[in-house]
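Notes follow the structure.
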Amino acid sequence: MYFYPMQVYGNSNKLSPKTIFFFIAVLLLAFLPISSFLFFIKNDAFVGYFPPKFFMSESIHAGYLPLWNPYINFGFPQYGDMSGGYWSPITWLIASTVGYNAYSFTIEVLCYLLFGGIGMYQLTGIWQLDRSVRIIAGLAFMCCGYNVGHLQHFNWLSGAAFLPWCFWSYLLVLNRYTLKHILTCVLLFYMLISSAHPGIIIASFYFFTAILVFFLTKKGNSMPLKSRIKQVLLSHAFLILLLLLLSAGMITGYLDIIPHFSRGEKISIADALLAPANIQTWISALLPFATVKNDLFYNTDPSMRNSYFSLLLFLFFLFSLTSKKNSWQKFLLITGLLFALLSAGGIFKIFAYKFIPFIGYVRLNGEFRIFTLLCFIIFSAIGLDKFIRQKNSFTGSIQLFYYCIEIILFACIVTGLYHTLAGNQSLIYHFNQFPLQKTIPAKLKTLIDAVSFYDTLWIQGLIQLFLLRLIQRSLRTGNLNLLKRIVVADLVIASLLNIPFTGAGKASVAKVQSILNQSPKGIPIPILQPINKIDTISPEEKAMIGDWSMYNKQIGARSWVSYPINLNNMDAYFLNAVQQPESSLSEYPFAFIKEADAKNSITIQSFDPNKIVLRVDAEKPGKIVLQQNFYPHWFFQNGSNKTSVDQAGINFMGGTIKSGENNVTFSFEPIAVKRAMLLSVVLFVLYGSLLIMLIIKPDVFHNYHAAGI
């Protein structure tokens, strides 16, 4: 079933091992501080995104299904974590095999960057671009400022990695609706929604809806619009059905937690305007290094400032603006600009907050700019390909834009050098401090602290001016190999200049792993001790990996731990503990008897994340309290009597005990979620197996189309 005339690249443009190895080599070089393991990925990466993955790994290797995480903020349903990639097959693959540690986690981050770059290479083949241009586009996406700036935001990178692949597979479906294409599309879209930050998922809905509308209204199709709409609705119904069935576990898990989740409601307008990629941050399209300083000028988080996508493609972005554009370029330009305005926050986000469904749930606006970069890279790559194929000379508008950029760079260099030499806030005046530092991290920190905003202007300006001259020479001679090498150098330099400021912490991966090695192996039986007596780690170590309560395999947190998943009653408990410290139960162990005295005793018979078995000897009837968050699907059993748990206080759960010996069990049994999870696993294996069969033996279903099944 052919919907629209669209050329799809042939066998000569298939992805080759040589191309993959080339991407890997550039990745390792561009992200050398991270890929060498000399420096760990700082801030949110290990503090927020790593702990749930670590728990999943430890739980699976101990033989338990990771449904409930008992450690973070007195526990929460792990399957409801929208930030940790719980439903991603990649997470389960790593957790159940090599396990999560500082090294495997870092490698996973790098693999997402690689996968995104190769995905862009694959996607641009749809337009039959020259292989060198496709490589340039792929490298630009892999090393773009969004990825460099958001190394710490794990699920922003995983979401970005699958975007070009989903775009590619969706275009294949629109071009020809076959079973092979539909299964490819369903699996890739599932990988996107199961691994990406919710903001990317919401934006993806609008992005791919825009693509569908573009195809429906695209000129050159003889079929009446009404017939086209009917055909698309029928065909997409099957695609959506398969995707929904595959996502049954994830949908059930999220619906389960939303009523109890502090972020399950629309955020305030003030929060909705946080951390934009505002207009001034687009200086990074030419001078990415200039975004690492001058917070007052940018007025946003440093991770939101970088939108670089190579000097060459920036030049051809400007060139394509004034050149004749095909319909795809027009669509990509308009869509990219709309997402740029949305990512800028301000009045644009206020409008979207009020009138566009679900946008009001997204807190950090700079997240949307990945769609802008995706569109702009393809838009510019098409323009570059046209220039090469038409053998245009380096004259006219391309030469004009070249000279404009050159003049801007000269102005930046002069301005930067003037202020650098006129003042003393510059690395030039701190060179004598470098020899005094004995370690590489210390030298790097000294350098980072010494660099001023004006240093970034003249340093980046000189680099860009040199690269611009080389680009001019390559375009004049038509030397594509040289052009490709220049882009590699450009992206590697830009990445290496920015990563120390945005992604790399001063400690090594080995240092981080040495801290994690202090965590007990597996899922041991926790100690019944007052929560305020549980061991902790130094502030320096805590800054690297987060609160020790997420790793020590003991139950209880002395104070609220910053983590994306906050249950409403847990928030209420910690707020009350701050306002009324005497109401805190931190002087009790995680399981205790109300009004306990010396004649009561509790012994832990067995423990796993979803089930705790206790022997309780009580002098008189009373109530046992378990300091785990009160949540549906928890049951209390004393002997043969099994009931739902009672709520104890603001936040915890409990059950009634009798005098004498009690055999007590607290168990977490989310039956509906487990059944939906099983369905998702079976369908993922089925879809994947069928797709492999279609790839290996394409003639088996040659006469069948998905729309007719």
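The values are calculated or read from the model by the stated rules, or taken from the named source; none is laboratory data. Here the structure is a predicted model, which means the values were calculated and not measured. Quick reminder, even Gly has a Cβ in these numbers, built from the backbone with ideal geometry, and neighbours come from all protein chains shown. In case anyone asks, the SASA skips ligands and DNA or RNA and just uses the protein heavy atoms, side chains included. Shrake-Rupley method; radii C 1.70, N 1.55, O 1.52, S 1.80 Å.
Listing for the model above:
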{"item": "Peptides 463-470, 576-583, 488-495 ordered by average Cβ neighbours within 10 Å, highest first", "result": "488-495, 463-470, 576-583"}
{"item": "Stretchable slack from I695 to F37, in nm (0.36 nm times residue separation minus alpha-carbon distance)", "result": "233.2 nm"}
{"item": "Label-reachable residues, region 650-682, where backbone N falls under 17 Å from a point 7 Å from N641's Cα toward its Cβ", "result": "654-667"}
{"item": "Highest-first arrangement of 541-549, 369-377, 135-143, where packing means the average Cβ count within 10 Å", "result": "135-143, 369-377, 541-549"}
{"item": "Inter-centroid distance (Cα atoms) of region 660-676 relative to region 204-280, Å", "result": "36 Å"}
{"item": "Eligible lysines near K18 by straight Cα distance, threshold 29 Å, same-chain separation 8 or greater", "result": "K180, K386, K391, K484, K697"}
{"item": "Full-extension gain in nm, E540 to L216, via 0.36 nm per residue minus C-alpha separation", "result": "111.0 nm"}
{"item": "Value of relative contact order over region 471-587, rounded to a whole percent, pairs C-alpha under 8 Å and six or more apart", "result": "22 percent"}
{"item": "Straight-distance crosslink candidates among lysines, where the alpha carbon sits under 29 Å from K599 and sequence neighbours closer than 8 are dropped", "result": "K533, K553, K611, K620, K623, K642, K658"}
{"item": "Value at 222 nm in deg cm²/dmol, rounded to 500, when DSSP H runs of n ≥ 4 in the chain each add -39,500 (n - 2.57)", "result": "-17000 deg cm²/dmol"}
{"item": "Rough spin-label spacing in nm, given labels placed 7 Å along Cα→Cβ, for W328 and Q399", "result": "3.0 nm"}
{"item": "Probe 1.4 Å, all protein chains present, accessible-area order of H260, H153, largest first", "result": "H260, H153"}
{"item": "Partners for K325 among aspartates and glutamates (Cα-Cα distance below 14 Å; same-chain residues under 8 apart left out)", "result": "D385"}
{"item": "Listed pairs K14/K230; K594/K674; K266/K542; K53/K506; K266/K349; K218/K266 exceeding 25 Å between Cα atoms", "result": "K14/K230; K594/K674; K266/K542; K218/K266"}
{"item": "Heavy-atom accessible surface of the chain: percent carbon and sulfur, 1.4 Å", "result": "64 percent"}
{"item": "Cα centroid separation, region 330-375 to region 518-569 (Å)", "result": "37 Å"}
{"item": "Percentage relative contact order, region 587-694, counting C-alpha pairs under 8 Å, at least six apart", "result": "26 percent"}
{"item": "Mean Cα-pair separation over length for region 1-145, i.e. relative contact order, pairs under 8 Å, 6 or more apart, %", "result": "29 percent"}
{"item": "Cα-centred dipole magnitude for the chain, charges only on beta-carbon of K, R (+1) and D, E (-1), debye, nearest 20", "result": "2580 debye"}
{"item": "Calculated FRET efficiency for the pair K226/Q518, C-beta based, R₀ 51 Å, to 0.05", "result": "0.15"}
{"item": "Gyration tensor verdict on region 9-144 (Cα atoms; rounded if a/c is under 1.5, prolate if a/b is larger than b/c, oblate otherwise)", "result": "prolate"}
{"item": "Accessible heavy-atom area order of R305, R176, R558, R263, highest first, probe of 1.4 Å", "result": "R558, R263, R176, R305"}
{"item": "Sequence ranges 448-457, 526-535, ranked by mean other-Cβ count within 10 angstrom, highest first", "result": "448-457, 526-535"}
{"item": "When the convex hull of its Cα atoms is projected in every direction, mean area for the chain (nm²)", "result": "34.5 nm²"}
{"item": "Region 211-350: C-alpha gyration tensor shape, a/c 1.5 cut-off, then a/b vs b/c", "result": "oblate"}
